[in-house]
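Accompanying notes for the structure given below.
The values are calculated or read from the model by the stated rules, or taken from the named source; none is laboratory data. It should be emphasised that the depicted structure is a prediction, and the values quoted were computed from it without experimental measurement. Neighbour counts are summed over all protein chains in view; Cβ atoms, including those assigned to glycine, are modelled from backbone coordinates with ideal geometry. The accessibility values were calculated without ligands, DNA or RNA, using every heavy atom of the protein model including side chains. Shrake-Rupley method; radii C 1.70, N 1.55, O 1.52, S 1.80 Å.
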Amino acid sequence: MVDLIPRTVLFGNPERVSPSLSPDGRQLAWIAPDDGVLNVWVAPVQGGGDGSAPGGAIHWDAAAAVTTDRDRGVRVYTWAHDGRHILYLQDRGGDENWRLFDVDLPTMVHRDLTPYDDVQVQLIAVDKRFPTDVLVGINRDNPELHDVYRLDLVTGELQKVLENPGFIGWVADAQMVVRAGVAPQPDGGLVLMVRDRGIQDWRPLLTVPAEDALTTGPLSFTVEGSSLLALSSVGVETARLVRIDLADGKTEELAGDPEADITGVRLDTDTWEPQTATVLKDRAELIVLDPAVRPDVDAVAALDPGEPDIGSGDDDDAWWLVAFNHDDGPVSYFAYERASRSGRFLFEHQPALSKYTLGAMEPFSFRSRDGLTVHGYLTFPPGEGRAQLPTVLNVHGGPWARDVWGYDPEAQWLANRGYLCVQVNYRGSTGYGKSFVNAGNKEWGGRMHDDLVDAVAFVVDQGWSDPERVAIFGGSYGGYAALVGATFTPELFRCAVDIVGPSNLKTLIESIPPYWAPEIEVFHQRVGNPETEEAFLWSRSPLSRVADIKRPILIAQGANDPRVKQAESEQIVAALAEAGVEHEYLLFPDEGHGFAKPENRLRFYAAAEVFLARHLGGRVEA
């Protein structure tokens, strides 16, 4: 048997992650622990021979933490284009009321730029043409809507430049003027609204039916501001990259795939024209749109055997930062110089993983009972064979998201402990076109669950899984699915693990955060309407079938979760106690929708590991 991977390696803080170059390429920032808490670090980059261009060598010995968080850690940050300010978002206890902070590197002065209680800040735009300006969205005046403010990094002054007329997303042009917005409609669709330069009034550019709402959205203006780049499935099956002319609304397809959605686009830093697009199938595939970057893409692919993810670089686009994903090892990061077409290794996100044998993440597919092709991933225990394995069905959250190939700490943890980890992109998952995602409409606890049950039947029929030792595990929607598994199909699963999963769909929808209110029709169309479909929602709620539970359940909840309130766990825990059902309940008073603090993650996974071993017979770290 392979060595046990310590939980601290799998679920503790990464050693380094999220590298980002300063606009001039002379400093590298990244996130790493400082006294056990994730913070932003910065190190100088060696200059070129004439002192005018970056040379690429990182002075690691001069690295220093530049943020001073001592609570939840910094997880989201960016450079301002003046090259001296690091911007980052932080909430309190997981409440998702994000504030914007900065640190001025020459002086090390720290500021809370949006010091407002119970207000959420969104970062809309930074631009190299306006290096000391930032556009932010703030729901200070109306908790349901984010108005647009211009932030002056020199003075710290915030000036409201646009009152929100009811939009849920913004796009700024190259003059740092917001000229596109997304207006939700009563039928669950969207209208992409634009305004011309110098004109305040908005006009519709693209009407998006409800069936396309999850696979369509704006990306960026072109630099001259006469057209808009967007992802769109309107009139076709999968999301394509398109250019929409603002004058006449004509749409030109730039990239697309008949089987899967375009999920990412990289733009030229000067022209804002697309260089590459990513289509996500079982593995990510890169489409080169600008022939000038073809030699760079080929050179990048030769740096590392992993799957490349080309991220940001410097403002001149002379350097790219590339993350290489591996299913059986740590993520590795490189700095790539376009002039020489050479790369420099930076670091791995968790080098200690290389000491252990990890499992391969293997794509698989099967036909659902009603004929859909459903995709997913299998991670087998290394060295344990493939027959009659204890199995954990690990259900992704969202549900409008998907599992992807690459390093997954939960999959590796489960496989290392002796379980076959099964991950399923059930109907309603994104990435497979609009018909597949729309097949999940009002199928929470219905055909979405059937897909999960059919996946279990598939791995059992192959002889890989022991049908008497199958658990269901997941967070958010995956937590709901775990509760559904315990209540709707109680004979199938030996036990269930629910992380921040809703137990009553009516109370879930009625308690959404205020800034989700403009999108309430999404819930009504895709889950159900509490006012008109109360009985239906109750029939799809695990709380309605507590009496049917026959197997143990572990429930974990963050007390400050704004999406799935603490009451969602409390009400089913109370029902379990009243029914005398074996259960464990972990409440984390300083967490929200998931566990940001490593000590809380480690506490949860230690409990889950013991729980699964007790009921399935896997291994446990001493």
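Sorted from longest to shortest, the spans of the Cα atoms of the stretch 349-508 along the three principal axes equal 46, 35, 30 Å.
Summary value for the stretch 1-121: 16 percent relative contact order, contacts being C-alpha pairs under 8 angstrom separated by 6+ residues. Taken over the C-alpha atoms, the stretch 239-310 has Rg and Dmax values of 13.5, 45 angstrom. Between the helical axis of 598-616 and the longest alpha-carbon principal axis of the chain there is an angle of about 30 degrees. Here the contact order of the chain, divided by its residue count and restricted to Cα pairs under 8 Å and six or more residues apart, works out to 11 percent.
When each of the peptides 138-151, 114-127 is scored by how many other beta carbons lie within 10 Å of its residues on average, the order from highest to lowest is 138-151, 114-127. Between the Cα long axis of helix 447-461 and the first principal axis of the chain there is an angle of about 70°, rounded to the nearest 10.
If R₀ is 41 angstrom, what is the calculated FRET efficiency for the pair Glu253 and Glu144, using the beta carbon separation as r and rounding to 0.05?
Values: r = 35 Å, r/R0 = 0.85.
Calculated transfer efficiency: 0.70.
Remark: the stretch 484-538 carries 36 Å² of accessible area per residue (probe radius 1.4 Å; ligands, DNA and RNA excluded). Grouping the Cα pair distances of the stretch 1-133 into 10 Å bins from zero gives a pair-distance distribution of 11, 37, 32, 14, 5, 1 percent in increasing distance order.
Rg and Dmax, both from the Cα atoms of the stretch 120-244 and both in Å, are 14.9, 48. Here the ratio of the Cα radius of gyration of the stretch 185-272 to 2.2 N^0.38 Å is 1.09. Using a probe of 1.4 Å, the accessible surface attributed to Thr263 totals some 70 Å² when neighbouring protein chains are kept in position.
Find the relative contact order for the stretch 224-355 and round it to a whole percent, using C-alpha pairs within less than 8 Å whose residues are 6+ positions apart.
On the way: 248 pairs, mean separation 16.0, N = 132.
Rounded, it is 12 percent for the stretch 224-355.
Could you work out the Kirkwood radius for the stretch 192-234, taking every pair of different alpha carbons, averaging 1/r and inverting it, reported in Å?
Values: mean 1/r = 0.0879 Å⁻¹.
About 11.4 Å for the stretch 192-234.
From the Cα gyration tensor of the stretch 521-572, with a ≥ b ≥ c the square roots of its eigenvalues, which class applies: rounded if a/c is under 1.5, or else prolate if a/b is larger than b/c, or else oblate? Display every interim value, and only then the final one.
On the way: a/c = 2.73, a/b = 1.27, b/c = 2.16.
In terms of gyration-tensor shape, oblate.
Within the accessible surface of the stretch 526-613, defined with a 1.4 Å probe on protein heavy atoms only, the carbon and sulfur portion equals 50 percent.
With the Kirkwood sum run over all distinct C-alpha pairs, the stretch 358-406 has a hydrodynamic radius of 12.8 Å. Set against the labelled values (i) 25.7; (ii) 27.7; (iii) 25.0, Kirkwood radius over Cα pairs in Å computed from this structure falls on (i).
Sorting His349, His81 by accessible area puts them as His81, His349; the probe is 1.4 Å, largest comes first, and only protein heavy atoms count. Can you compute log10 of I(q)/I(0) for the stretch 458-512 with the Debye formula, treating each Cα as one identical point scatterer, at q = 0.31 Å⁻¹? With no solvent term, the Cα-only Debye profile gives -1.12. Carbon-plus-sulfur accessible fraction, the stretch 192-351 (probe radius 1.4 Å, protein heavy atoms only): 50%. Accessible surface calculations at 1.4 Å, restricted to protein heavy atoms, place the stretch 1-159 at 42 Å² per residue. Compared with the dominant principal axis of the Cα atoms in the chain, helix 566-579 is inclined by about 10°. Dividing the summed -39500 (n - 2.57) terms of all DSSP H runs of n ≥ 4 by the residue count of the chain sets its mean residue ellipticity at 222 nm at -5000 deg cm²/dmol.
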